[in-house]
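The values are calculated or read from the model by the stated rules, or taken from the named source; none is laboratory data. Quantities reported herein were computed from a predicted structural model and do not represent experimental measurements. Neighbour counts are summed over all protein chains in view; Cβ atoms, including those assigned to glycine, are modelled from backbone coordinates with ideal geometry.
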């Protein structure tokens with residue numbers, strides 16, 4: 001038996017209302033270049049928005065509890081976050097940069113994933129910036145609990 005394909009068959013593209021953005025995340029360090037490339041390429045190929053997320057760990061201290069969590073970002077980190085966002089915007093994609101401060105950064109990322117429901121989560125902190133053991137622990141926790149397709153920098 002030979003399968004044939006009709007020439008008049010049309011394929012529906014995903015609707016905008018059902019869009020699932022691509023999320024590029026790091027933990028208060030610059031992105032690994034390959035991770036940024038994967039995220040921007042995936043968003044461009046699917047025509048989905050790109051969410052660039054930086055999650056900073058903030059300790060729970062009496063002062064931070066009274067004033068709110070303090071989030072400070074270096075100019076170098078700001079530039080690193082903007083680079084993939086500007087590239088995606090130049091390709092005509094919707095881009096959003098999110099900065100999150102939390103005493104539990106992995107939990108905060110997973111909560112954000114649950115709220116935004118990305119189709120792909122790219123976790124790409126620069127190699128060595130978090131330390132090998134910390135990154136391995138972080139990657140394992142995300143792998144166990146993420147509810148979407150996941151790409152982790154090696």
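Scoring residue 113 on the criteria (1) assigned to a loop (DSSP other than H, G, I, E, B); (2) crowded, with 19+ Cβ neighbours inside 10 Å leaves a single failure, condition (1).
Residue-by-condition table, conditions (1) modelled with pLDDT of 95 or more; (2) assigned to a helix (DSSP H, G or I):
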site: 65; (1), (2): no, yes
site: 71; (1), (2): no, no
site: 83; (1), (2): yes, yes
site: 96; (1), (2): yes, no
site: 99; (1), (2): no, no
